[in-house]
Amino acid sequence: MTIRPYSPTDDLALLELLRLNTPHYFAESEKIDFMKYLANHIDSYFVIKLDDKIVGGGGFNRTPNGIKGALSWDILRPDAQGRGIGSELVKFRIAEMQKLGVTEIGVRTSQHVFQFYEKMGFKLKNPIIKKYWAEGFDLYEMILRKKN
């Protein structure tokens, strides 16, 4: 398993991962948002490869002052889930952000994935917002603070 920085040549593989996770983890309407993110809003994004095949991706963005950050667009092949691959990608990005001085890391997710982030130490930050992403996709804002 290797984690490497994203390249625009990864777009087709990442869009295929999104397709494989729709509609279980992503709404159909999120495809356009993901494409816009990859084209215009990346701070840092990484892909994870297994047997020379992209099986996942995830990024992070930081506030202008660099103190706060957020995980963005975590996605993993369904047949790669439950094997610790997603956890490794989250840990990797947390470590990368901490190297940059980030002390508070957020993630915005849905009811379909929030328990994964709870296991990683994230706590619910705000009340849940129903139908935020789309019908059947509620917003769970979660936070992980650096331990002193």
Look at LEU38 and say whether it is under 25 Å from ALA134 (Cβ atoms), assigned to a helix (DSSP H, G or I) and modelled with pLDDT of 95 or more.
no
Within segment 138-145, is even one residue part of a loop (DSSP other than H, G, I, E, B), among the basic types (Lys, Arg) and surrounded by fewer than 19 Cβ atoms within 10 Å (Cβ to Cβ)?
no
In segment 98-137, what residues are aliphatic (A, V, I, L, M), out of contact with any Leu (no Cβ under 9 Å at 6 or more places or on another chain) and assigned to a strand (DSSP E or B)?
LEU124, ALA134
Every residue in segment 44-73 that is polar (S, T, N, Q), assigned to a strand (DSSP E or B) and either without any contact (Cβ under 8 Å) to a residue 40 or more places away in the chain or crowded, with 20+ Cβ neighbours inside 10 Å (or both), please.
ASN61, SER72
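Could we say that ILE32 is within 26 Å of GLU135 (Cβ to Cβ), in a helix (DSSP H, G or I) and either at pLDDT below 95 or in contact with a Leu (Cβ under 8 Å, 6 or more places away or on another chain) (or both) here?
yes
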Hey, can you tell me all the residues within segment 1-22 that are of a type outside the set (Gly, Ala, Ser), surrounded by 13 or more Cβ atoms within 10 Å (Cβ to Cβ) and in contact (Cβ under 8 Å) with a residue 24 or more places away in the chain?
MET1, ILE3, TYR6, ASP10, ASP11, LEU14, LEU17, LEU18, LEU20, ASN21
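Of all residues in segment 74-90, which are assigned to a helix (DSSP H, G or I), under 22 Å from PRO5 (Cβ atoms) and without any contact (Cβ under 8 Å) to a residue 40 or more places away in the chain?
Answer for segment 74-90, where residues must be assigned to a helix (DSSP H, G or I), under 22 Å from PRO5 (Cβ atoms) and without any contact (Cβ under 8 Å) to a residue 40 or more places away in the chain: ALA80, GLY86, SER87, VAL90.
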May I ask you to say which residue of SER29, SER7, SER72 is over 16 Å from the mean Cα position of the chain (by Cα) and under 28 Å from GLY136 (Cα atoms)?
SER29
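So how many residues does segment 106-118 have that are in contact (Cβ under 8 Å) with a residue 12 or more places away in the chain and open to solvent by 30 Å² or more (accessible area, probe 1.4 Å)?
The qualifying residues number 7.
The values are calculated or read from the model by the stated rules, or taken from the named source; none is laboratory data. Since the structure is predicted, the reported quantities are computational estimates derived from the model, not experimental observations. In this analysis, Cβ positions are derived from the backbone assuming ideal geometry, glycine residues included, and neighbour counts consider all displayed protein chains. These accessible areas exclude ligands, DNA and RNA; they are computed on the full protein's heavy atoms, side chains included. Shrake-Rupley method; radii C 1.70, N 1.55, O 1.52, S 1.80 Å.
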